[in-house]
Ligand SMILES: C[S@@+](CC[C@H](N)C(=O)[O-])C[C@H]1O[C@@H](n2cnc3c(N)ncnc32)[C@H](O)[C@@H]1O
């Protein structure tokens, strides 16, 4: 063995060892990151009002409003938009207005005079309905005082005088029985710790002859196909990351509505196909316009977590673990 070989052989070994060590560190770092991202960070806590607290934070940060506009719900994408590149040119926020129009159509409501928006966010839908039906009075309720404040300010800014907002727990509403012609609940059921009470309360305040409409994320019915351990893990993550106690199936919502004894002509549907594009679309709007986040390093980690959760949601809705529940019914005139 020459001197050169004598030196090169251990060097090559050392280099290989170094490369191996770097690979191991990178692999460990990825494993750690995946573990951290997959561990829910905003687990539902009724005592601490985790839902109100998180929406307060989202509202005062303003990032959600910047990207999602006045609507904290998914958008509706027709066939052309689902199949075409770049969502067929569909604007992310326009898709949310389309969703409301489709939900209104689904509800079969005809010129309601008193409307209750249960879990109203910052009031985008309440104001939209108030403008669409100028003779109506729309009441939006939320568990987040910051949302109530922002919704009220936006109504004043937009000159919408027939929409008002209150902090009120949907599970313990102060309204009289038979008050509203239309009870609207868009993506609030996910946060309810008692889905039976949620539906019963809405059925109680609905006027005979009025319409109730619910849009909410649901998990598939287990039936004779129990969740696999992997599905269970995914659900636990999806519950805990955005402070949901649990989800139920569309079929279970239908049964709960039936059991209230107050609702009839119950119709249910799954709008997963029409809403799935919204998950990744919401990541893309951030990628196209990242500056509001880049300027605020304090929010980076939260935004990374949210983008991760949006992707897991996309996959869960695509593989059928999750479904997009749409439910509507009326209250018979005899109640
Ligand atoms: C995903 S946001 C939907 C907001 C709004 N419906 C929209 O479409 O823009 C969920 C809303 O449900 C409200 N919420 C959750 N739990 C609630 C409760 N127990 N009582 C009243 N509102 C509640 C939250 O405060 C938030 O406004």
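Quick rundown of the values:
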| quantity | calculated |
| --- | --- |
| Among beta bridges that DSSP assigns inside the chain, antiparallel share in %, nearest 5 | 40 percent |
| Distance between modelled label sites at residue 39 and residue 63, nm, 7 Å Cα→Cβ extension | 2.0 nm |
| Fully extended contour minus Cα-Cα distance, from residue 26 to residue 131, at 0.36 nm per residue | 32.3 nm |
| Gain in span if fully extended, residue 16 to residue 236, counting 0.36 nm per residue against the direct Cα distance | 75.1 nm |
| Segment residue 301-residue 153, extension gain: residue separation times 0.36 nm, minus the distance between their alpha carbons | 50.4 nm |
| Max mean-square fluctuation residue, GNM over the chain, Cα-Cα springs under 10 Å, options 153, 12, 278 | 12 |
| Theoretical FRET efficiency, 1/(1+(r/R0)^6), r = Cβ-Cβ of residue 167 and residue 9, R0 56 Å, to 0.05 | 0.15 |
| Separation in nanometres of the label points that stand 7 Å from Cα toward Cβ, at residue 221 and residue 319 | 2.2 nm |
| Max mean-square fluctuation residue, GNM over the chain, Cα-Cα springs under 10 Å, options 99, 227, 30 | 30 |
| Cα coordinate range in the chain, projected on the principal axes (Å, largest first) | 102, 50, 45 |
| Inter-probe distance in nm under a simple model that places probes 7 Å from Cα toward Cβ, at residue 246 and residue 174 | 3.1 nm |
| Estimated translational D of region 57-170 in µm²/s (Stokes, Kirkwood radius over Cα pairs; 10 °C; 1.306 mPa s) | 107 µm²/s |
| Relative contact order of the chain, defined on C-alpha pairs under 8 angstrom at six or more residues apart (%) | 20 percent |
| Most mobile of 225, 90, 195 in a GNM of the chain (Cα contacts under 10 Å) | 225 |
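Read-outs: derived from the displayed coordinates by stated rules, not from any lab. It should be emphasised that the depicted structure is a prediction, and the values quoted were computed from it without experimental measurement. Cβ: placed from backbone, ideal geometry, glycine included. Neighbour counts: every protein chain shown.
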